[in-house]
Amino acid sequence: MNIRRELEQRLSAAMAKAIGQDAPAMVAPSARPQFGDYQANGVMSVAKRLKTNPRELAEKVVAAVDLSDLAENLEVAGPGFINITLKDEFLQQQVAKSLADKEHLSVPLAASQQTVVVDYSAPNLAKEMHVGHLRSTIIGDALARVLDFLGHNVIRQNHVGDWGTQFGKIILSIWHLCMEEKRNDPHYLNRSDEKLKALPDKDDPAERKKALTPIWKQHQKDLYEDWDGKVFKDYLEKITSVLTFDDLLPAYQFVNLVESLAEGTDLIIDSSPDHKPVELAKVSSHVTQMLQNFDKPENKQEKDAWEYAKELTLKSCDKIYDRLGVLLTSDDVRGESAYNDDLPKVVEALKDKGLLTESEGAQCVFLDEFRNKDNEPLPVIVQKSDGGYLYATTDLAAMRYRVCELHAGRILYVTDSRQALHFKQVFAVAKAAGFVPSGVSLEHVPFGTMMGKNNRPFKTREGEIVKLMNLLDEAEQRALDLINIKNPDLPDEQKLDIAKIIGIGAVKYSDLSHNRASDYVFSWDKMLALDGNTAPYMQYAYARIRSIFRKNEHQASRDRQGADKPVARITLADPAERALAVKLLQFAETVEAVAAESLPHLLCGYLFDLAGAFTTFYESCPVLKSNEPTRSSRLALCEATATTISIGLGLLGIETVEQM
RNA sequence: GCGCGCGUAGCUCAAUUGGAUAGAGCAUCGGUCUACGGAACCGAAGGUUACAGGUUCGAAUCCUGUCGCGCGUACCA
């Protein structure tokens, strides 16, 4: 049961009766123990509005409500708070009830179940996942799990960046790989790349030109021999069986480097069959443009190359997802390219609605609410002056798909907070154009940056972006080091398994436990610490409880012959027992709040509080040493706590261990 | 310039969205216990919530201004 909501509903109804209009009771857990378990704050603001005495009004509300099945007498306190103390009997029943439902802890399903699209992760083609992708992936996954837990129909969407400017570069880099293979010169790209990187003065165009000249010549020559793409085609077939993601990456970076260095030089590639000379710096964008009709048979090798790059990239992402325990699969991938055919239709539809304006050659939507410094309208550009489309267009197309095909009632976009303006604009355009009915909720779920100790974005010592693989490796290694110190007697294999769970859990939890809206400082030591609001602390609390049960089963092993033991009657004699019970029962309302606000850190905070309540209980209330029936009752509280921690961490995508 | 966001204890973060005396963990200081897993527990100290006004029963939260930081700001995503 969601106690908070139950109280809210009953008290709100009583308020409506008392004052004749609807007003929220504003029930929240009490700020202090002396004020009971919950407090209702709504009376005061209503009284203000009605200009009546808040205390008198509170008394009226108290008289009008019947909470006798779950609460002691209500008290009006201070300027008009209503303090609620739950009945012990009620708490006992509820804990027993949730314990009987081990899968779901009797957390009620959402009253109105929605189809919720969660858009998260979104890696890019031919790039390795790095820390920049971590937050989206983890937060999105946790939200998806929570929504699913509450009975919503969750559709995960991995909006992979598989189109756009990098598109031509990818094809070009694979072409280079093919040419390398054809010349039987397997280290050509590496050699060239190293030479370019060693360039003493990258700011000097003459130097750059000099360094690029051999590469440029080779490029010309290769192109001359492959003017019809036949070599590309033949060798593509040959290399695809052996090519790996690790081959693709450097090739892609090589193309990037060449093009950035060629900027401002007069190096021209002119061996192409159409005799249109192209700047060396713009070959890849030329490739992109050339392939407007991507599906034509003569472009098959380009398409194959791109698809192959996509396959390699996604495989590499899957490894990360697998290690992270993220639920995304290939079925959830619907990249930007999936919307290519819809883009002209989106622009057409905007035109039909009369929303489209041409400005400086680009197709724009101007909405009144977006203005620049001088109060001039700010455009949302949906088509570039060269005819190309932008991410706004793709997002609009994706929205239409999600609403029309997936029947989304709510769409969550888990992306960096820097995209806030973009989403604000795109949402407004979608609503204005009627792409998304007003009943559908479009929500940007923004998050801040992961920072290093220096309060700058998290980088390696060398100042490079941290690859996710490396980050996870280090997390597991550090966890293993810790286990070796703290629990050296465990078998090695088990140590490794535990290290994985602890290491990955720590990374995820440290991310999820912070309010996602703000930047947070990443710290190895803090996230693996056993004190404070960390994953290991929670996992340790769990392992300790499990240890009690192992010991108990050992003691009582002969008594039970597989028969299900009845759920013990729970008594709450000690204040610590009672406080733990109240905390346990707040799981439902916490999960619901996480789903409503898309704030996973609320769940982390709750689990930490729960672990705290348990520790207090654990210290003051002996379990195995106490006599029946107290013993069974306390064991039940232990079990309820362990289950809540396990399910709670599970909703965050974090596993528990029996020993650590 | 304009827009958005942020500024809370020495450090890292909370504060149930306007509620009662702003809470945790680290670090510091002090204490407990032959310990159901010591990777423990309890306590103390630490705050004019950047600053100045305002709104009201009540403000870290809302409004105005100032300072500081971050991000964004027409064809990248």
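The values are calculated or read from the model by the stated rules, or taken from the named source; none is laboratory data. Quick caveat: nothing in here was measured; it's all calculated off a predicted structure. So basically every Cβ, Gly included, is an ideal-geometry build from the backbone, and we count neighbours across all protein chains shown. Only protein heavy atoms, including side chains, enter the accessible area calculation; ligands, DNA and RNA are left aside. Shrake-Rupley method; radii C 1.70, N 1.55, O 1.52, S 1.80 Å.
Among the residues making up the range A:516-526, a single one is assigned to a helix (DSSP H, G or I) and in contact (Cβ under 8 Å) with a residue 40 or more places away in the chain: A:524.
Of the residues that sit in the range A:604-635 and are away from RNA strand B (no atom under 11 Å from the Cβ) and buried (at least 21 other Cβ atoms within 10 Å of the Cβ), which one is farthest from residue A:91 (Cα to Cα)? Lay out the reasoning, then the answer.
Residues of the range A:604-635 away from RNA strand B (no atom under 11 Å from the Cβ): A:607, A:610, A:627-630, A:632-633.
Applying the additional criterion that residues be buried (at least 21 other Cβ atoms within 10 Å of the Cβ) yields A:607, A:610, A:633.
Working: A:607: 19, A:610: 16, A:633: 13 Å.
If we take residues in the range A:604-635 being away from RNA strand B (no atom under 11 Å from the Cβ) and buried (at least 21 other Cβ atoms within 10 Å of the Cβ), then A:607 is farthest from residue A:91 (Cα to Cα).
So for the range A:454-474 (the condition being outside any helix (DSSP H, G or I), near RNA strand B (Cβ under 8 Å from one of its atoms), touching a strand residue (DSSP E or B) at 6+ places or on another chain (Cβ under 8 Å) and at pLDDT below 90), does at least one residue qualify? Yes, there is a match, as at least one residue in the range A:454-474 is outside any helix (DSSP H, G or I), near RNA strand B (Cβ under 8 Å from one of its atoms), touching a strand residue (DSSP E or B) at 6+ places or on another chain (Cβ under 8 Å) and at pLDDT below 90. Highlighted here are the helices (runs of 4 or more DSSP H) found entirely within the range A:1-107 that include at least 3 residues which are in contact with a Pro (Cβ under 8 Å, 6 or more places away or on another chain), crowded, with 17+ Cβ neighbours inside 10 Å and at negative phi: A:3-19, A:42-50.
For the range A:524-547, filtered to residues that are among the small types (Gly, Ala, Ser) and surrounded by 21 or more Cβ atoms within 10 Å (Cβ to Cβ), the residue that is nearest to RNA strand B (Cβ to nearest atom) is A:541. What about residue A:253, is it outside the structural domain of residue A:433 (by TED's automatic domain parsing) and surrounded by fewer than 21 Cβ atoms within 10 Å (Cβ to Cβ)? For residue A:253, the condition - outside the structural domain of residue A:433 (by TED's automatic domain parsing) and surrounded by fewer than 21 Cβ atoms within 10 Å (Cβ to Cβ) - is met. Taking residue A:302 as the residue in question, decide whether it is farther than 30 Å from residue A:652 by Cβ, surrounded by fewer than 17 Cβ atoms within 10 Å (Cβ to Cβ) and outside the structural domain of residue A:258 (by TED's automatic domain parsing). Considered against the rule, which asks whether it is farther than 30 Å from residue A:652 by Cβ, surrounded by fewer than 17 Cβ atoms within 10 Å (Cβ to Cβ) and outside the structural domain of residue A:258 (by TED's automatic domain parsing), residue A:302 comes out as no. Within the range A:13-39, residues that are free of Cβ contacts under 8 Å to residues at least 12 places away in the same chain reach partners that are more than 8 Å from RNA strand B (Cβ to nearest atom) and among the charged types (D, E, K, R) with beta carbons closer than 9 Å, at six or more positions or on different chains, in the pairs A:16/A:22.
Residues that are near RNA strand B (Cβ under 8 Å from one of its atoms) number at least 2 in the following helices (runs of 4 or more DSSP H) confined to the range A:322-441: A:391-404, A:420-432. Here is the figure for the range A:17-41: residues that are under 18 Å from residue A:59 (Cβ atoms) and basic (Lys, Arg) total 1. Of all residues in the range A:159-210, those satisfying the criterion of being part of a loop (DSSP other than H, G, I, E, B) and either within 30 Å of residue A:335 (Cα to Cα) or under 36 Å from the mean Cα position of the chain (by Cα) (or both) are A:159, A:160, A:162, A:163, A:164, A:165.
Taken over the range A:429-439, the criterion of being open to solvent by less than 20 Å² (accessible area, probe 1.4 Å) and within 24 Å of residue A:599 (Cβ to Cβ) is satisfied by A:436 alone.
Checked across the range A:314-321, the condition of being in contact with a Pro (Cβ under 6 Å, 6 or more places away or on another chain), among the hydrophobic types (A, V, I, L, M, F, W, C) and at pLDDT 95 or above holds for at least one residue. Checking each residue in the range A:587-617 for being aliphatic (A, V, I, L, M) and part of a helix (DSSP H, G or I) picks out A:588, A:591, A:593, A:594, A:595, A:596, A:602, A:603, A:607, A:610, A:611, A:613.
Residues are listed down the side, and each one gets a yes or a no for (1) out of contact with any Ser or Thr (no Cβ under 7 Å at 6 or more places or on another chain); (2) open to solvent by 70 Å² or more (accessible area, probe 1.4 Å); (3) closer than 16 Å to residue A:529 by Cβ:
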{"site": "A:459", "(1), (2), (3)": "yes, yes, no"}
{"site": "A:462", "(1), (2), (3)": "yes, yes, no"}
{"site": "A:467", "(1), (2), (3)": "yes, yes, no"}
{"site": "A:472", "(1), (2), (3)": "yes, no, no"}
{"site": "A:479", "(1), (2), (3)": "yes, no, yes"}
{"site": "A:483", "(1), (2), (3)": "yes, no, yes"}
{"site": "A:486", "(1), (2), (3)": "yes, yes, yes"}
{"site": "A:490", "(1), (2), (3)": "yes, no, no"}
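Scanning the range A:352-365 for residues that are crowded, with 16+ Cβ neighbours inside 10 Å and more than 17 Å from residue A:423 (Cβ to Cβ) yields A:355, A:356, A:362, A:363, A:364. Among the residues making up the range A:506-523, those that are within 14 Å of residue A:537 (Cα to Cα) and either within 10 Å of RNA strand B (Cβ to nearest atom) or open to solvent by 10 Å² or more (accessible area, probe 1.4 Å) (or both) are A:510, A:513.
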